[in-house]
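Written out below as structure tokens is the structure these notes cover.
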Amino acid sequence: MDLSQKTLGAKIAALRKIRNMTQEQLAAQLGISAPAVSKWETGSSYPDITLLAPLARALGTNLDTLLQFEQTLSDQEVATQINLLLQGAVTQGTPEGWQAAENQLNELLHHYPNCTSLQFNGAAFYDTLTFLFPTAGKEQHTRWKERKRQLLEQMRSSGTAAYWQSATMQLASLSIADGALEEGAELLRELPEQTFDPTALWALYYLKKEQPKQALELTQKQLYKLANQILSCLGTLTMPKLMSEPDQQLRLAEVYHTIARTFGMLDSSGGLLCEAYLRMPSWPDSKLYGRIRRHWLQRSQLAVRLRFSLSSSSA
């Protein structure tokens with residue numbers, strides 16, 4: 001059994017699970033037996049060439065995505081590349097600077113078309129440009145948002161289970177923000193309902209097997225995921241209709257900053273802080289606003305990391 005056979009089987013299994021299909025249901029759509037699907041997913045055999053197109057359609061993808069196995073980047077390599085691009089854009093602070101950074105990102109995406117981690121961080125890259133360059137103009141911001149949407153759509157069609165849910169949630173958020181409420185609701189309905197988090201049990205499983213490194217990595221990933229969800233909720237709470245008092249918004253911004261800094265995540269608390277000050281009746285002059293904004297931008301983390309470590313010694 002070669003590597004491509006195993007990789008294809010894993011992709012078929014991931015795409016099937018994303019669509020909440022059983023092996024029997026997929027087999028019924030293709031007119032084959034469930035054991036045949038099981039053999040594909042375990043890498044024991046290949047699908048017949050005549051079934052590849054129907055298989056791709058049944059899994060909600062295309063042949064290129066189903067069969068491509070290009071070289072990819074590790075999560076750490078992606079985080080490093082994105083951080084360098086953002087640093088370059090900020091250092092120049094000009095349209096030429098952010099355009100150069102965007103061109104370099106497009107080159108990476110072209111070279112690694114199936115690197116879902118790069119697509120994920122690329123979408124966050126455009127969010128960061130919008131935050132760091134508020135004076136870029138509505139047309140530029142709209143173009144960045146559309147490019148982000150394209151990357152999220154690629155993530156959804158990739159069949160990578162680790163990113164599908166995040167891409168779906170972000171696309172739903174974009175649709176709702178743009179007023180396409182029913183489109184956003186339809187995307188939200190695709191998300192699975194999770195009633196139990198098995199992280200603690202898996203960690204115990206690895207500890208019982210004398211594999212503390214795997215237990216630590218799994219727990220850290222889940223903690224990072226939960227921290228990201230907390231930041232999302234904090235951002236929502238700062239909306240004037242939910243939290244009308246500026247003092248409350250200021251406290252939320254401080255909490256947001258603390259969590260983002262602790263976990264090495266993108267810190268958008270500067271924008272929350274400025275919005276809160278602007279809503280204060282005794283808001284001072286624009287010079288103080290500028291100083292506050294610069295202060296928070298300097299404290300912001302530009303790197304978009306997919307994982308963190310408690311210390312270098314825990315690696």
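The values are calculated or read from the model by the stated rules, or taken from the named source; none is laboratory data. This is a predicted model, so every value here is computed, not measured. No Cβ is skipped: glycine too gets one built from the backbone with ideal geometry, and neighbour counts run over all protein chains shown.
Which residue is nearest to N114 (Cα to Cα), if the candidates are limited to the stretch 158-176 and must be in a helix (DSSP H, G or I) and of a type in the set (G, A, S)? So that I can check it myself, show each step before the final result.
First pass over the stretch 158-176, keeping only residues in a helix (DSSP H, G or I): 158, 161-176.
So of that shortlist, the ones also of a type in the set (G, A, S) come out as 158, 161-162, 166-167, 172-173, 175.
Details: S158: 7, A161: 14, A162: 14, S166: 17, A167: 15, A172: 23, S173: 24, S175: 25 Å.
Here the answer is S158.
Taking helices (runs of 4 or more DSSP H) that fall entirely within the stretch 23-95, which contain at least 1 residues that are over 30 Å from the mean Cα position of the chain (by Cα)?
Details: elements: 23-30, 34-42, 52-58, 63-67, 75-92.
Where helices (runs of 4 or more DSSP H) fall fully within the stretch 23-95 and carry at least 1 residues being over 30 Å from the mean Cα position of the chain (by Cα), they are 23-30, 34-42.
Give the residues of the stretch 228-260 that are among the charged types (D, E, K, R) and at pLDDT 85 or above, sorted by residue number. Steps first, answer last, please.
In the first step, residues of the stretch 228-260 are kept if they are among the charged types (D, E, K, R); the result is 241, 245, 247, 251, 254.
R251, E254, listed by residue number.
Say whether the condition of being without any contact (Cβ under 8 Å) to a residue 12 or more places away in the chain, charged (D, E, K, R) and either out of contact with any His (no Cβ under 6 Å at 6 or more places or on another chain) or within 25 Å of M239 (Cβ to Cβ) (or both) is met by at least one residue in the stretch 156-176. So that I can check it myself, show each step before the final result.
Of the stretch 156-176, the ones without any contact (Cβ under 8 Å) to a residue 12 or more places away in the chain are 173, 176.
Then drop every residue that is not charged (D, E, K, R), which leaves none.
There is no residue in the stretch 156-176 that is without any contact (Cβ under 8 Å) to a residue 12 or more places away in the chain, charged (D, E, K, R) and either out of contact with any His (no Cβ under 6 Å at 6 or more places or on another chain) or within 25 Å of M239 (Cβ to Cβ) (or both).
So, of the residues in the stretch 240-252 that are in a helix (DSSP H, G or I) and of a type in the set (A, V, I, L, M), which turns out to be nearest to the chain's Cα centre (by Cα)? Quick ask: steps written out before the conclusion?
Let us first name the residues in the stretch 240-252 that are in a helix (DSSP H, G or I), namely 246-252.
Those left that are additionally of a type in the set (A, V, I, L, M): 250, 252.
Values: L250: 27, L252: 23 Å.
Looking at the filtered set, the residue picked out is L252.
Being of a type in the set (K, R), buried (at least 19 other Cβ atoms within 10 Å of the Cβ) and closer than 30 Å to A58 by Cα narrows it down to one of R156, R149, so name that one. Reasoning before the result, please.
Details: R149 fails: buried (at least 19 other Cβ atoms within 10 Å of the Cβ).
The match here is R156.
May I ask you to list pairs of residues, at least six apart or on different chains, whose Cβ atoms are under 9 Å apart, with the first in the stretch 62-81 being more than 19 Å from H110 (Cβ to Cβ) and the second being of a type in the set (A, V, I, L, M, F, W, C) and modelled with pLDDT under 75?
Cβ pairs passing all conditions: D75/L306; Q76/L306; A79/A303; A79/V304; A79/L306.
Among the helices (runs of 4 or more DSSP H) lying completely within the stretch 177-239, list those that include at least 2 residues that are in contact (Cβ under 8 Å) with a residue 60 or more places away in the chain and within 30 Å of L273 (Cβ to Cβ).
Working: elements: 181-190, 199-208, 212-237.
Where helices (runs of 4 or more DSSP H) fall fully within the stretch 177-239 and carry at least 2 residues being in contact (Cβ under 8 Å) with a residue 60 or more places away in the chain and within 30 Å of L273 (Cβ to Cβ), they are 212-237.
Of these, S175, S166, which one is closer than 29 Å to H110 by Cα, at pLDDT 85 or above and in contact with a Gly (Cβ under 6 Å, 6 or more places away or on another chain)?
Working: S166 fails: in contact with a Gly (Cβ under 6 Å, 6 or more places away or on another chain).
That would be S175, the only listed residue that is closer than 29 Å to H110 by Cα, at pLDDT 85 or above and in contact with a Gly (Cβ under 6 Å, 6 or more places away or on another chain).
Which of the residues spanning the stretch 110-144 are modelled with pLDDT under 90, aromatic (F, W, Y) and under 17 Å from M155 (Cβ atoms)?
Selection gives Y112 alone.
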